[in-house]
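A.B. asks: Here it is: the structure, laid out below.
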Amino acid sequence: MKLDDFAWGSRTLIVGILNVTPDSFAGDGLLDADAAVARGEQLASEGADIIDVGGQSTRPGFEAVSADEECRRVVPVLARLASRLPGTPLSVDTTKAAVAAAAFDAGATILNDINGLRGDSQLACLAAERDAWVIAMHNQRARPAATDPVETILAGFCTSLETGARHGVQRERILLDPGFGFGWRSDENAQILRRLTELRAPGRPLLVGMSRKRMTGEQFGWDVGARFEGSAAVTAIAIANGADLVRVHDVAAMSRVVRMADDIVRSVGR
């Protein structure tokens, strides 16, 4: 599948998470390249439309790793997946231009930047040069408290789109992510989800990533290993409220959730 040819709104795309780290909050990190490649192939077979490979944990309180270490983790995996899954777009989850460049050389075609092009100034230039797609996330961490989360995210989206345009990234190649869990309280996350349709104002596809995060069960005392049903619930609600892509860990099961939600919301398959 090529994102360039995809009819946005026709169905919900599934982004499968492939963490190549030892400290993923969800406990699913794989440092062994063979195991990571096998997992990537499994995600594709289970229904992932895109595989998002990350070599740097972004959990609260994470410890940064060097660009060299991040490349050592993700580049071999991306290169092998690119050769084995030629029809599956690969995304690199990074905030470093050096890592993104190496990932693009290895076969990635999507940059997933949790700073929404507001961090490393070279990322937007690089994305434009490589004609890459960009997932621009709004990251509220280390920012002033917001009186209205949705208005704050919309302002962040505008900044990301403006930054991309200034450096030559086509607006049509930018996907927007509200950044659930990145600096928001649980009640704010819930408000953002309820008001998700308002975040469609910029006219770009929305990616929602809430899989196994705190808002999928912490309020009920469910630890990260017991948040499957909560993740399924928020995924379905996100689709009902306008999500175009969902980023998930449990692809096999969530693909069924997505199909059911799409059948109701978009009449897909009827």
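The values are calculated or read from the model by the stated rules, or taken from the named source; none is laboratory data. Given the structure is predicted, the values throughout are model-derived calculations rather than measurements. Glycine gets a Cβ as well: all are built from the backbone with ideal geometry, and neighbour counts include every protein chain shown. Accessible surface is based on the protein model in full, side chains and every heavy atom, while ligands, DNA and RNA are left aside. Shrake-Rupley method; radii C 1.70, N 1.55, O 1.52, S 1.80 Å.
A.B. asks: Which condition does THR159 not pass, out of (1) closer than 22 Å to GLY119 by Cβ; (2) open to solvent by 60 Å² or more (accessible area, probe 1.4 Å); (3) over 18 Å from the mean Cα position of the chain (by Cα), if it passes all the others?
C.D. replies: So THR159 meets the others, but not (2).
A.B. asks: Collect the residues in region 142-190 that are of a type in the set (S, T, N, Q) and at pLDDT below 95, keeping them in residue-number order. So that I can check it myself, show each step before the final result.
C.D. replies: Keep residues of region 142-190 that are of a type in the set (S, T, N, Q), which gives 147, 152, 159-160, 163, 170, 186, 189.
Hits for region 142-190 are THR147, SER186, ASN189.
A.B. asks: When both residues are 6+ apart or on different chains and their Cβ atoms are under 7 Å apart, which pairs have a first residue that lies in region 2-21 and is open to solvent by 30 Å² or more (accessible area, probe 1.4 Å), and a second that is in a loop (DSSP other than H, G, I, E, B)?
C.D. replies: Every condition considered, the pairs that remain are TRP8/PRO205; TRP8/ASP244; GLY9/ASP244; ARG11/ARG266; ARG11/VAL268.
A.B. asks: Residues being outside any loop (DSSP other than H, G, I, E, B) and either in contact with a helix residue (DSSP H, G or I) (Cβ under 8 Å, 6 or more places away or on another chain) or among the hydrophobic types (A, V, I, L, M, F, W, C) (or both): count how many of those fall in region 108-157.
C.D. replies: Pass one, region 108-157, residues outside any loop (DSSP other than H, G, I, E, B): 110-113, 122-129, 133-137, 149-157.
Those still in the list that are either in contact with a helix residue (DSSP H, G or I) (Cβ under 8 Å, 6 or more places away or on another chain) or among the hydrophobic types (A, V, I, L, M, F, W, C) (or both) too: 110-111, 113, 122-128, 133-137, 149-150, 153-155, 157.
Total meeting the criteria: 21.
A.B. asks: Let me ask you something else. Being at pLDDT 95 or above, of a type in the set (Asp, Glu) and in contact with a strand residue (DSSP E or B) (Cβ under 8 Å, 6 or more places away or on another chain) is the filter; apply it to region 1-54 and report the residue that is nearest to ASP244 (Cα to Cα).
C.D. replies: This residue is ASP49.
A.B. asks: How about region 137-156: which of its residues are open to solvent by less than 10 Å² (accessible area, probe 1.4 Å) and either within 14 Å of ALA201 (Cα to Cα) or of a type in the set (Asp, Glu) (or both)?
C.D. replies: VAL150, ILE153, GLY156
A.B. asks: I want to confirm something. Restricting to region 55-69 and keeping residues that are modelled with pLDDT under 95 and among the acidic types (Asp, Glu), which single residue is least open to solvent (accessible area, probe 1.4 Å)?
C.D. replies: GLU69
A.B. asks: Considering each of ALA100, ALA106, ALA82 in turn, give the residue that is crowded, with 24+ Cβ neighbours inside 10 Å and modelled with pLDDT of 95 or more. Quick ask: steps written out before the conclusion?
C.D. replies: On the way: ALA106 fails: crowded, with 24+ Cβ neighbours inside 10 Å; ALA82 fails: crowded, with 24+ Cβ neighbours inside 10 Å.
Matching residue, one of ALA100, ALA106, ALA82: ALA100.
A.B. asks: Sticking with this one: Checking the structure you have, find out if any residue of region 245-252 is closer than 29 Å to LEU161 by Cβ, modelled with pLDDT of 95 or more, within 18 Å of the chain's Cα centre (by Cα) and surrounded by fewer than 21 Cβ atoms within 10 Å (Cβ to Cβ).
C.D. replies: Within region 245-252, none of the residues are closer than 29 Å to LEU161 by Cβ, modelled with pLDDT of 95 or more, within 18 Å of the chain's Cα centre (by Cα) and surrounded by fewer than 21 Cβ atoms within 10 Å (Cβ to Cβ).
A.B. asks: For region 171-202, enumerate the residues that are under 24 Å from VAL92 (Cα atoms) and either in contact with an Asp or Glu (Cβ under 8 Å, 6 or more places away or on another chain) or exposed (fewer than 14 other Cβ atoms within 10 Å of the Cβ) (or both).
C.D. replies: Answer for region 171-202, where residues must be under 24 Å from VAL92 (Cα atoms) and either in contact with an Asp or Glu (Cβ under 8 Å, 6 or more places away or on another chain) or exposed (fewer than 14 other Cβ atoms within 10 Å of the Cβ) (or both): ARG171, GLU172, ARG173, LEU175.
A.B. asks: Oh, and also: Tell me which residues, restricted to region 124-136, are in contact with a His (Cβ under 6 Å, 6 or more places away or on another chain) and surrounded by fewer than 21 Cβ atoms within 10 Å (Cβ to Cβ).
C.D. replies: As a first pass, look at region 124-136 and keep what is in contact with a His (Cβ under 6 Å, 6 or more places away or on another chain): 124-125, 128.
Once the filter is applied, which keeps residues that are in contact with a His (Cβ under 6 Å, 6 or more places away or on another chain) and surrounded by fewer than 21 Cβ atoms within 10 Å (Cβ to Cβ), region 124-136 yields CYS125, ALA128.
A.B. asks: Name the one entry in VAL234, VAL268 that is outside any helix (DSSP H, G or I) and open to solvent by 10 Å² or more (accessible area, probe 1.4 Å).
C.D. replies: On the way: VAL234 fails: outside any helix (DSSP H, G or I).
Result: VAL268 is the single residue among VAL234, VAL268 that is outside any helix (DSSP H, G or I) and open to solvent by 10 Å² or more (accessible area, probe 1.4 Å).
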